[in-house]
Amino acid sequence: MAGKLGSNSRPLRVAIVGAGPSGFYAAGALLQQKEIHVSIDIFDRLPTPYGLVRYGVAPDHQKIKSVTKVYERTISDSRVRYFGNVGLGEEINHDELKSLYDQIIYATGASSDRQLDIPGENLTGSFSATEFVAWYNGHPDFADFDFDLNTESVAVIGVGNVAMDVTRILAKSIEELSETDIADYALEKLSKSKVKHIHIVARRGPAQAKFTNPEIKELGELAEADVVIKAEDLVLDPASQASLDSDRTAARNLETMQILAEQGTTGKPRQIHFHFLRSPVELLGDDAVTAMRMEVNELHPTDTGYIACDGVGRFETLDVGLVFRSIGYRSVPIPGVPFYEKWGIIPNDKGRVTATHQGEIVPGEYVVGWAKRGPTGVIGTNKPDAVETVALMMEDVASLTPVADASASPNAIIALLQERNVAYFTFADWLKLEAIEDERGKAQGRPRVKFTSEAAMLAAVKGE
Ligand code: NAP
């Protein structure tokens, strides 16, 4: 052996699968620790890095996207390399990765969505917010989606920050959207949108809304949309009122909603209507959605302190031509990697992958981010989460069976990809692409104009 595992002559070889925030924070934590010498390869199935920052964060939230400066510093470290356009289970499989790296970190996020499981959910015009978000952000897998915005009324189910993002994009004027890096095709489509009414449907009450304070405030500041909240819907039951004492975010959200309710409408062309205590029970229509049936709910506190809701057997119908369910994301199983179907995550013990839920630890495999804990928290939440996993990885090095020295050579993965003719993207390739996108953006007074197909990305950078 070339040297002790984790020494200068035989660094610990780590593969990070997924170049989104959690993958970058894991790389950052690996670089920061001083005990073990590491050499890190970050893979992504798309040519472009940054995952959710590029394809999830709303295009009108550019400030949040500046977090990529931190990730750029991480990848500029000589111990880190980037392999874009290399998907696990696609260009390379799990066993191959396992034979080349001493440790693997899955940072694959949550690219799918939860279902409502109600009749009519598969009708034309019923989508997940995940699909709409990926589409307007120019994700190559979603660029061909077709959202018929030739309808006056849209329902958004759920009251988290993703629901707020979707609502804002539907409600914003074309002038507002033109200043963003929204995909060109989405800008074109939204410029012809007939949408006038956006109905936000929450199964519980205003005190249980999951959005954060800036997001609800922003809805009140739109150029072309008024918020419609009935003051009587903001009168809380005793349990919800008591819950505000220990939940500053919810208390502030309520204050903002009270201000919005008092303000009323001001004659703007679009309206955002809040419907609390309503659960969709059926989407109606022959081929395409024309209406949504909802059951009225009431709240009741449970023993754990959670405030649950139950239907009261009273129903209402809302005429809508499009429905976006925004009720949470799920991870997607990767061939060869354990998956816990019930929670839609890779089963793990604080970041150590386990063969099943609460099962045996799988040596050398780890998970971070949404694939580890589910789709919760903001981008920064992934930092401590990654630090926790990396600490366990370091603890495990002493008992780890390393891969063969020849496989641990940084050239081994390159040889494999070249043998397969994989047109992988290096970080230098990405910087080239980014420079072109920025240049195209400058010409239009926008942050960037995105490439939205993998073929176009490869052609622009590699001439393929
Ligand atoms: P989320 O915050 O968990 O919200 C999901 C919403 O869906 C909740 O209102 C939930 O209601 C509702 N819901 C779940 N199942 C439902 C069902 N069967 N029927 C009706 N409603 C249902 O999830 P998210 O909006 O997808 O966001 C994911 C994470 O990303 C969050 O942590 C969010 O803060 C973060 N994020 C942050 C930003 C930002 O910082 N600007 C932007 C986007 C996303 P209950 O509460 O009743 O379960």
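Here is how the numbers come out for the structure above:
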{"quantity": "Tabulated pairs, the stretch 305-332, first without any contact (Cβ under 8 Å) to a residue 24 or more places away in the chain and not assigned by TED's automatic domain parsing to the domain that holds L123, second surrounded by 14 or more Cβ atoms within 10 Å (Cβ to Cβ) and part of a loop (DSSP other than H, G, I, E, B), C-beta under 7 angstrom, 6+ apart or interchain", "calculated": "none"}
{"quantity": "Members of the stretch 363-396 found to be open to solvent by 10 Å² or more (accessible area, probe 1.4 Å), hydrophobic (A, V, I, L, M, F, W, C) and in a helix (DSSP H, G or I), listed by number", "calculated": "W370, I379, V387, A391, L392, M394"}
{"quantity": "Residues of the stretch 176-194 classified as open to solvent by 10 Å² or more (accessible area, probe 1.4 Å) and either among the acidic types (D, E) or within 16 Å of the ligand (Cβ to nearest atom) (or both), total", "calculated": "4"}
{"quantity": "Matching residues, the stretch 160-187, being more than 23 Å from V53 (Cβ to Cβ) and part of a loop (DSSP other than H, G, I, E, B)", "calculated": "S173"}
{"quantity": "Sole exception among (1) closer than 22 Å to P214 by Cβ; (2) in contact with a Ser or Thr (Cβ under 9 Å, 6 or more places away or on another chain) for V320, by number", "calculated": "(1)"}
{"quantity": "Residue pairs meeting the criteria (Cβ under 7 Å; at least 6 apart or on separate chains; first open to solvent by 40 Å² or more (accessible area, probe 1.4 Å), in the stretch 111-124; second away from the ligand (no atom under 12 Å from the Cβ) and among the acidic types (D, E))", "calculated": "P119/E282; T124/D287"}
{"quantity": "Matching option when the condition is open to solvent by less than 20 Å² (accessible area, probe 1.4 Å), within 21 Å of R325 (Cα to Cα) and in contact with an Asp or Glu (Cβ under 6 Å, 6 or more places away or on another chain), among S128, S173", "calculated": "S128"}
{"quantity": "Number of the exception - V362 against (1) farther than 23 Å from L52 by Cα; (2) in contact with a Phe, Trp or Tyr (Cβ under 8 Å, 6 or more places away or on another chain)", "calculated": "(2)"}
{"quantity": "Cβ pairs under 6 Å, 6+ apart, first in the stretch 75-104 and over 19 Å from I36 (Cα atoms), second of a type in the set (K, R) and surrounded by 17 or more Cβ atoms within 10 Å (Cβ to Cβ)", "calculated": "G87/R45"}
{"quantity": "Extreme residue, surrounded by the fewest Cβ atoms within 10 Å (Cβ to Cβ), among residues of the stretch 340-362 that are among the β-branched types (V, I, T) and within 12 Å of Q103 (Cα to Cα)", "calculated": "V362"}
{"quantity": "Hits in the stretch 321-339 - residues which are open to solvent by less than 30 Å² (accessible area, probe 1.4 Å) and either farther than 30 Å from H199 by Cα or assigned to a helix (DSSP H, G or I) (or both)", "calculated": "I334, V337, P338"}
{"quantity": "Subset of the stretch 220-244 (residues that are assigned to a loop (DSSP other than H, G, I, E, B), in contact with a strand residue (DSSP E or B) (Cβ under 7 Å, 6 or more places away or on another chain) and of a type in the set (V, I, T))", "calculated": "I229"}
{"quantity": "From the options D429, D438, residue that is without any contact (Cβ under 8 Å) to a residue 24 or more places away in the chain, among the acidic types (D, E) and within 18 Å of E454 (Cα to Cα)", "calculated": "D438"}
{"quantity": "Qualifying residue in the stretch 424-441 (condition: modelled with pLDDT under 95 and either surrounded by fewer than 20 Cβ atoms within 10 Å (Cβ to Cβ) or farther than 30 Å from D113 by Cα (or both))", "calculated": "no"}
{"quantity": "Residue list for the stretch 334-373, restricted to those being in contact with a Ser or Thr (Cβ under 8 Å, 6 or more places away or on another chain), more than 12 Å from Y106 (Cα to Cα), touching a residue at least 12 places away in the same chain (Cβ under 8 Å) and among the charged types (D, E, K, R)", "calculated": "K350"}
{"quantity": "V289, sole failed condition from (1) open to solvent by 20 Å² or more (accessible area, probe 1.4 Å); (2) under 26 Å from G125 (Cβ atoms)", "calculated": "(1)"}
{"quantity": "The listed residue being of a type outside the set (G, A, S), over 27 Å from the mean Cα position of the chain (by Cα) and within 15 Å of the ligand (Cβ to nearest atom), out of D286, D303, D319, D310", "calculated": "D310"}
{"quantity": "In the stretch 131-148, residue farthest from the ligand (Cβ to nearest atom) [restricted to those that are assigned to a loop (DSSP other than H, G, I, E, B), open to solvent by 10 Å² or more (accessible area, probe 1.4 Å) and closer than 17 Å to S326 by Cβ]", "calculated": "F145"}
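This table checks each residue for (1) charged (D, E, K, R); (2) away from the ligand (no atom under 13 Å from the Cβ); (3) assigned by TED's automatic domain parsing to the domain that holds P280; (4) open to solvent by 10 Å² or more (accessible area, probe 1.4 Å).
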residue	(1), (2), (3), (4)
I198	no, yes, yes, no
G205	no, no, yes, no
Q208	no, no, yes, yes
P214	no, no, yes, yes
E218	yes, no, yes, yes
L222	no, yes, yes, no
V228	no, yes, yes, yes
D233	yes, yes, yes, yes
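Conditions tested, residue by residue: (1) open to solvent by less than 10 Å² (accessible area, probe 1.4 Å); (2) within 16 Å of the ligand (Cβ to nearest atom).
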site	(1), (2)
F24	yes, no
L31	no, no
V38	yes, no
F43	yes, no
P49	yes, no
A58	yes, yes
I64	no, yes
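The values are calculated or read from the model by the stated rules, or taken from the named source; none is laboratory data. In this text the structure is predicted, and so the values were computed from the model without any measurement. Cβ sites come from the backbone with ideal geometry, for glycine too, and all protein chains shown count toward neighbours. These area figures cover heavy atoms from the full protein model, side chains too; ligands, DNA and RNA do not enter into them. Shrake-Rupley method; radii C 1.70, N 1.55, O 1.52, S 1.80 Å.
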